[in-house]
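Visitor: Quick one: this structure, given as structure tokens, is what I'll be asking you about.
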Amino acid sequence: QVQLVESGGGLVQPGGSLRLSCAASGSIFSIYAMGWYRQAPGKQRELVAVITSGGNTNYADSVKGRFTISRDNAKNTVYLQMNSLKPEDTAVYYCNALISAYWGASITDYWGQGTQVTVSS
């Protein structure tokens, strides 16, 4: 079993910053890409940012220049530093990871439980 545990959400004023963390634990042989998605009320879940095991990153156009994704492979943890937050960034943020549990195992898609980020004055 693999668990992804997120932390760091909350309420912040426009222009403020938050840092999300997501730690993976359990039966893990290798973690491939890790990323963050978000879902606002009445909208579909969308990709925010993703980082590969080699450190390559990709961002949604709406967050480029404001958000930074990083990972600590030794801790199986991914971070999302969010700066210059806007009301439209308000959503539930979900951590995602592609993980194989042992040598030769298939890669499985795992999700965290989600953490609320609210940007409001």
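Visitor: Suppose we keep only residues that are open to solvent by 30 Å² or more (accessible area, probe 1.4 Å) and at pLDDT 95 or above within segment 28-41. Which one would you say is nearest to V63 (Cα to Cα)?
Guide: Within segment 28-41, the match that is nearest to V63 (Cα to Cα) is Y37.
Visitor: Working only within segment 101-116, note down all residues that are surrounded by fewer than 17 Cβ atoms within 10 Å (Cβ to Cβ), farther than 18 Å from Q44 by Cβ and either in contact (Cβ under 8 Å) with a residue 40 or more places away in the chain or of a type in the set (D, E, K, R) (or both).
Guide: Those that are surrounded by fewer than 17 Cβ atoms within 10 Å (Cβ to Cβ), farther than 18 Å from Q44 by Cβ and either in contact (Cβ under 8 Å) with a residue 40 or more places away in the chain or of a type in the set (D, E, K, R) (or both): A101, Y102, W103, A105, I107, T108, Q113.
Visitor: Looking only at segment 93-120, which residues are modelled with pLDDT under 95 and either in a loop (DSSP other than H, G, I, E, B) or among the basic types (K, R) (or both)?
Guide: If the condition is that a residue be modelled with pLDDT under 95 and either in a loop (DSSP other than H, G, I, E, B) or among the basic types (K, R) (or both), then A101, Y102, W103, G104, A105, S106, I107 are the ones that fit.
Visitor: Scan segment 1-27 for residues that are in a loop (DSSP other than H, G, I, E, B) and either among the basic types (K, R) or buried (at least 16 other Cβ atoms within 10 Å of the Cβ) (or both) and report the count.
Guide: 2
Visitor: Among the numbered criteria (1) within 19 Å of S120 (Cβ to Cβ); (2) not in a loop (DSSP other than H, G, I, E, B), which single criterion is violated by M34?
Guide: Only one criterion in (1) within 19 Å of S120 (Cβ to Cβ); (2) not in a loop (DSSP other than H, G, I, E, B) is unmet by M34, namely (1).
Visitor: Let me ask you something else. Applying the selection to segment 50-75, what residues are in a loop (DSSP other than H, G, I, E, B), surrounded by fewer than 16 Cβ atoms within 10 Å (Cβ to Cβ) and of a type in the set (A, V, I, L, M)?
Guide: Selection gives A60 alone.
The values are calculated or read from the model by the stated rules, or taken from the named source; none is laboratory data. Note that this is a predicted model, so its numbers are computed, not measured. Using ideal geometry, Cβ is built from the backbone for each residue, glycine included, and neighbour counts are taken over all protein chains shown. Heavy atoms of the whole protein, side chains included, go into the accessibility calculation; ligands, DNA and RNA do not. Shrake-Rupley method; radii C 1.70, N 1.55, O 1.52, S 1.80 Å.
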